[in-house]
Structure formats: C-alpha cells, structure tokens
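I have placed the structure first, in the form of structure tokens, so that the comments after it can refer back to it.
Derivation of every value follows stated rules applied to the coordinates shown; laboratory data play no part. Everything quoted here is computed from the prediction, not taken from an experiment. Virtual Cβ from ideal backbone geometry, glycine too; neighbours counted across all protein chains shown.
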C-alpha cells in the first residue's frame, strides 16, 4: 500500500506537541483562582441581586439612561396609539395597522427597560409627570396623517441616535443592557424606514421620486391651503 493511502496511525505519525498537550490538559482546573474569587464575591451583598462585583459600568448612569429611554418609549407608545385612533385621511386604512404595530413594539421596549432598571436597583419611570419630563423625544400628536407620519419619523430618527450613544456607553461593561438597546435599535430603525418609505419612495434605477402616498398627501394638503414642510424637504 502506498504511503499516501496510509492513515496517520499506520504511518506512526505523532500528533503535534501543542495538540497533545491541549488534549492532555482537558481535566485541568482552568481559571480556578478566578472562579474562587467570583464565588467569594457572589456570597457578598446578596440584596444587590443581578448587580454583581463583576459589573464594570456606572450603575447610576446606566439606570438614568434606561429611565430616560423608558420615558421615551412610553411617550412614543401613547403617540402611536393616538395616531392609530385619530388617523382619518384617505390613506388611513393602510397606515392604521402600522401605527398599532409600532405602538406594540414601543410598549415591549418600555417593559424590557423597566425590568432592567429594577435589576440594577433603580425605579422604573411610570408616572405621567415623569414621562413628560424625562422623555428625550417630545410628543407630537399633530392633526393630519402626513404630519403624524412626519412626527413619528423624526422621533424614530432621534431615538436611533440616542440608543446608538447608549450602546457605545455600555460597551462591554454592561452586556445585558447593551443587548437590550441593540434589539430596540433594530426595531426603531425599521420603524424609521417604514415611515420614510411611505413619505419618500424613490426609483432605485433613476434616483427620482416615484408616485407614492407622499405625492397624494401633499396634493391634498396644498388643496386645503396648508403649508407643506415635507414637500419642501423632498424637492
């Protein structure tokens, strides 16, 4: 039999020394000192719960950011529900479900942030006066469908930047909070894209705006003699 068809065992080929050592050390007590220290720390300050000695961020700063973010989510939740109830323009049927879907997402974000605030020893933001005071995004109910969508788009864009900064602040010092905001950020980006798509639709092959809901809404508003900020922005 040719050597090229022989197995490693048949040829008596030895395993590389590094691999042999690694396999031989599988029973070693790796990180034993670290784990012992973690155990000793875990036995202390039991009322702190999830806030362990290994937590590297500033818990007061993170709680304060979570509280402001939760206030913003409650405000957005209420704004979306108001828009859902009040949308009455000709296109409202196709948009009402989107208002409702986004409201449910914001409610879930507020719930997640509230749970994390409690885990870090803080108090969730659930009083109406605190929500109004602490929300980083002002509530804009508006009156017609186009201005409602514009207000929601602006709010989502501001929230995206806010959550990006929180994620950078958490880094690897607070992995749990960072992942919560990463999840929320993905959904806020989708919300912003939904509203931008409704207001500004472009043909990818020409780069020109195509006929869309935006054009019809602008025509309706101009016919009523109302100013159109969105039309100026699109021009």
Would you mind calculating the relative contact order of region 53-191 from Cα pairs under 8 angstrom and at least 6 residues apart, reporting the percent as a whole number? 31 percent
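Taking N as the number of residues in region 17-165, what is its alpha-carbon radius of gyration divided by 2.2 N^0.38 Å?
Against the compact-globule rule of thumb, the ratio is 1.57.
Could you please rank 135, 88, 147, placing first whichever residue has the fewest other Cβ atoms within 10 Å of its Cβ?
On the way: 135 22, 88 10, 147 19.
Placing the least packed residue first, the sequence is 88, 147, 135.
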Principal axis dimensions, region 52-96 - Cα atoms, whole angstrom, descending: 57, 14, 10
